Amino acid sequence: MTATMDAVDHALATKAARIHAMRAGLSRLDPDQSRLFAERAAAASDTQSNALNELTEAIESGGVAIGFYRESRPRAFLAHEAVCRDARLPGVFPYGAEVAAVSASAAILYENEALVAGEAVRSALLAPVVAVLGPERYWAGQEAG
């Protein structure tokens, strides 16, 4: 329910803006928040792995090539690529939580497909980020406005 509410709440906020807000929030974590994020990411790794598999299946079942997403969501795709790039750099995200940041970014980029796969899929992919930054409507709103 919360994932759907957030999706509706942010219908006006672009996916790119939401990904940038998440990226900015995660890059500003204090040591305690970083530790919490890393702990939540570790605890959610199996659940996120399963959710990513379900998201991948939902994307593939659409029969659309990845180029479609790159062209139809160019800013969001670039924002997601920036998160992926940051995840490869040491010290940007807490050690061990990099995959959780990329997973949350993917949940926003492929939000429609994630919701088709099931509300639980999107929620699982965003859970570690929500645990540290709070509900998406708050951190995305802070960055946007």
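The values are calculated or read from the model by the stated rules, or taken from the named source; none is laboratory data. Here the structure is a predicted model, which is why all the values come from computation and not from measurement. We place every Cβ from the backbone using ideal geometry, glycine too, and count neighbours over all the protein chains shown.
Can you name the residue in the range 89-107 that is assigned to a helix (DSSP H, G or I) and either at pLDDT below 90 or among the polar types (S, T, N, Q) (or both) and, of all such residues, is surrounded by the fewest Cβ atoms within 10 Å (Cβ to Cβ)? Spell out how you get there, then give the answer.
Going residue by residue through the range 89-107, those that are assigned to a helix (DSSP H, G or I) are 98-107.
Checking which are either at pLDDT below 90 or among the polar types (S, T, N, Q) (or both) leaves us with 103, 105.
On the way: Ser103: 25, Ser105: 29.
Among them, the one singled out is Ser103.
Glu81 - would you say it is within 19 Å of Trp139 (Cβ to Cβ), surrounded by fewer than 22 Cβ atoms within 10 Å (Cβ to Cβ) and of a type in the set (Asp, Glu)?
Working: within 19 Å of Trp139 (Cβ to Cβ): no; surrounded by fewer than 22 Cβ atoms within 10 Å (Cβ to Cβ): yes; of a type in the set (Asp, Glu): yes.
Answer is no for this residue.
Kindly indicate the residue of the range 128-140 that is of a type in the set (A, V, I, L, M, F, W, C) and surrounded by 22 or more Cβ atoms within 10 Å (Cβ to Cβ) and also farthest from Arg73 (Cα to Cα) among those meeting that condition. Give the steps one after another, and end with the answer.
We begin by selecting, within the range 128-140, every residue of a type in the set (A, V, I, L, M, F, W, C); these are 129-133, 139-140.
With surrounded by 22 or more Cβ atoms within 10 Å (Cβ to Cβ) added as a condition, the list becomes 129, 132-133, 140.
Values: Val129: 22, Val132: 27, Leu133: 25, Ala140: 18 Å.
So, considering only residues that are of a type in the set (A, V, I, L, M, F, W, C) and surrounded by 22 or more Cβ atoms within 10 Å (Cβ to Cβ), the one farthest from Arg73 (Cα to Cα) is Val132.
Is it the case, given these coordinates, that Arg35 is charged (D, E, K, R) and either crowded, with 17+ Cβ neighbours inside 10 Å or in contact (Cβ under 8 Å) with a residue 60 or more places away in the chain (or both)?
On the way: charged (D, E, K, R): yes; either crowded, with 17+ Cβ neighbours inside 10 Å or in contact (Cβ under 8 Å) with a residue 60 or more places away in the chain (or both): no.
No, not satisfied.
Mind counting the residues in the range 41-67 that are assigned to a helix (DSSP H, G or I) and loosely packed, with under 12 Cβ neighbours inside 10 Å?
Our first condition is that a residue be assigned to a helix (DSSP H, G or I); within the range 41-67, this holds for 41-43, 45-61, 66-67.
Then drop every residue that is not loosely packed, with under 12 Cβ neighbours inside 10 Å, which leaves 46, 60-61, 66-67.
Going through the range 41-67 one residue at a time, the tally reaches 5.
Here are Arg75, Arg18: which of them is under 19 Å from Ala127 (Cα atoms) and either out of contact with any Phe, Trp or Tyr (no Cβ under 6 Å at 6 or more places or on another chain) or modelled with pLDDT of 90 or more (or both)?
On inspection, the qualifying residue turns out to be Arg18.
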